[in-house]
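**Student:** Here you go, one structure.
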Amino acid sequence: METVSPGFQFEIRYSPILNFKDVAHTIISPFVPLATNLGLGNEGTKEERYLLEFNKENYKLTVAWDRIVLRFEGDITTLGNSNSVIEEPFLHLFSKIKEMEEFGKVNDVLLYCILVKEIDKTPSEIYSNFVDKYFTSSAKNILGNANDSAIVFERENGNDTVNDDVRITTGPYNGLEDLETRKFIPNFLSTDLFKNPGEMIEIKILRSVSKVNFTLFKELLSETLSYKNTLWGTL
């Protein structure tokens, strides 16, 4: 369960295509027959966006004038496999957008992931164990009757070779209310998988790039799994 995510999002952000509403349908049409459902938002405006849902594979795509977004639920390790939904249709569709005469440049990519680990203890026991693991006695005394807590790790501006911002938040998981707060209640997976208390990791990686390919995605996925393994260990 530790790599089964109720919400995994990967998006490519590019300079706005001002006439997107006039040209997007020719790019998106070949992919429509593959989708379970098709939606259209902000119709007729420069910010028009298409939503393609793929119920069998537990993901949906949003294609907009300034970004393309994949939102997935399930075992995130499978996304690094050859012929995963990242390669087809996500990166394939992006390649068609990039070929447009109106396309400018890629600005950055965002990976956002929530992971939940169920723990067979009461919420108060989970909280106490978490606090004992991460907090000093003086920190625990700041609010003696607290019943929730979190640790945030942040890195800004990356290093000499990578320009990115990383934010990792970990803490007790209190059930679906924590997913609802983040607007990541599962659409495809059963909510029963995430109803019990435990611990949660929230990972956000924003990286400035000029090009995007499957190698870059696998690098970001590997980084995500590394953070998970550091906090929770490997299975």
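The values are calculated or read from the model by the stated rules, or taken from the named source; none is laboratory data. Computed from a predicted structure; not experimentally measured. Cβ placement follows ideal geometry from the backbone for every residue including glycine, while neighbour counts extend to all protein chains displayed. Just the protein is used for accessible areas: all its heavy atoms, side chains included, with ligands, DNA and RNA removed. Shrake-Rupley method; radii C 1.70, N 1.55, O 1.52, S 1.80 Å.
**Student:** Length gain on complete extension for the stretch N107 to N83, per 0.36 nm per residue less the alpha carbon to alpha carbon distance? Could you put the intermediate results ahead of the total?
**Tutor:** Details: separation 24, 0.36 × 24 = 8.64 nm, distance 2.52 nm.
Result for the pair: 6.1 nm of gain on full extension.
**Student:** Now a separate question. For the stretch 112-233, give the magnitude of the charge dipole about the Cα centre (Cβ charges: +1 Lys/Arg, -1 Asp/Glu; no others), in debye to the nearest 20. Don't skip to the end; give the middle numbers.
**Tutor:** Numbers: 14 positive and 18 negative charges, 42 e Å.
With only Lys, Arg, Asp and Glu charged at Cβ, the dipole is about 200 debye.
**Student:** Suppose R0 equals 25 Å; then what is the FRET efficiency for K218 and N187 from their Cβ-Cβ distance, rounded to the nearest 0.05?
**Tutor:** Numbers: r = 25 Å, r/R0 = 1.01.
Working from the Cβ atoms, E equals 0.50.
**Student:** OK, next. Pick out, in residue order, every one of the trypsin sites (Lys or Arg not before Pro) in the stretch 42-132 that is DSSP loop and has at most 16 other C-beta atoms within 10 Å; say none if there are none.
**Tutor:** Numbers: sites: K46, R49, K56, K60, R67, R71, K96, K98, K105, K117, K121; in loops: K46, K56, K105, K121.
Sites meeting the loop and neighbour criteria: K46, K56, K105, K121.
**Student:** Classify the stretch 112-233 from the C-alpha gyration tensor, please: rounded if a/c falls under 1.5, else prolate or oblate depending on whether a/b exceeds b/c.
**Tutor:** On the way: a/c = 2.47, a/b = 1.45, b/c = 1.70.
It comes out oblate by the Cα gyration axes.
**Student:** Further question: If you build the convex hull over the alpha carbons only and average its shadow over all orientations, what do you get for the stretch 1-93? Give it in nm² to one decimal.
**Tutor:** Numbers: hull surface 24.4 nm².
Dividing the Cα hull surface by four gives the mean projection, 6.1 nm².
**Student:** What is the sum of charges around L40, taking Lys and Arg as +1, Asp and Glu as -1, for the other residues whose C-beta is under 12 Å from the C-beta of L40?
**Tutor:** Working: positive: K21, R49; negative: E43, E47, E48.
Computed value for this residue: -1.
**Student:** Give me Rg over Rh for the stretch 56-95, both radii from the alpha carbons and Rh done the Kirkwood way, two decimal places. Numbers along the way, then the final one.
**Tutor:** Numbers: Rg = 10.2 Å, Rh = 10.6 Å.
In the stretch 56-95, Rg relative to Rh is 0.96.
**Student:** I want to make sure I understand the PRE zone here: with the label point 7 angstrom from the Cα of W232 toward its beta carbon, which residues in the stretch 118-138 have backbone N atoms less than 15 Å away?
**Tutor:** It comes to 118-121, nothing else.
**Student:** Sorting check: for 125-132, 147-154, which peptide has the highest mean count of neighbouring beta carbons within 10 Å, and how do the rest follow? Walk me through the intermediate numbers first.
**Tutor:** Details: 125-132: 15.9, 147-154: 12.1.
In decreasing order of mean packing, 125-132, 147-154 become 125-132, 147-154.
**Student:** How far is helix 214-232 tilted, in degrees, relative to the longest principal axis of the Cα atoms in the chain, given as a value from 0 to 90 rounded to the nearest 10?
**Tutor:** Result, in degrees: 10.
**Student:** To continue, here is another question. Can you give the FRET efficiency to the nearest 0.05 for K133 and T169, using r as the Cβ-Cβ distance and R₀ = 25 Å? Intermediate results must be reported in sequence, preceding the final value.
**Tutor:** On the way: r = 15 Å, r/R0 = 0.61.
E(calc), rounded to 0.05, equals 0.95.
**Student:** Using only Cα atoms and rounding to the nearest 10 degrees, what angle (0 to 90) does helix 123-134 make with the longest principal axis of the chain?
**Tutor:** On a 0 to 90 degree scale, this one is about 90.
**Student:** To make sure I understand the rule: partners must be aspartates and glutamates, Cα under 13 Å from the Cα of K98, and not fewer than 8 residues away in the same chain. Which ones qualify?
**Tutor:** D66
**Student:** Another one. As a test of reading the structure, rank E53, E73, E43, E101 by solvent-accessible area (1.4 Å probe, protein chains only), most first.
**Tutor:** E101, E43, E53, E73
**Student:** Right, another one. Per residue, how many Å² of accessible area does the chain show with a 1.4 Å probe?
**Tutor:** 52 Å²
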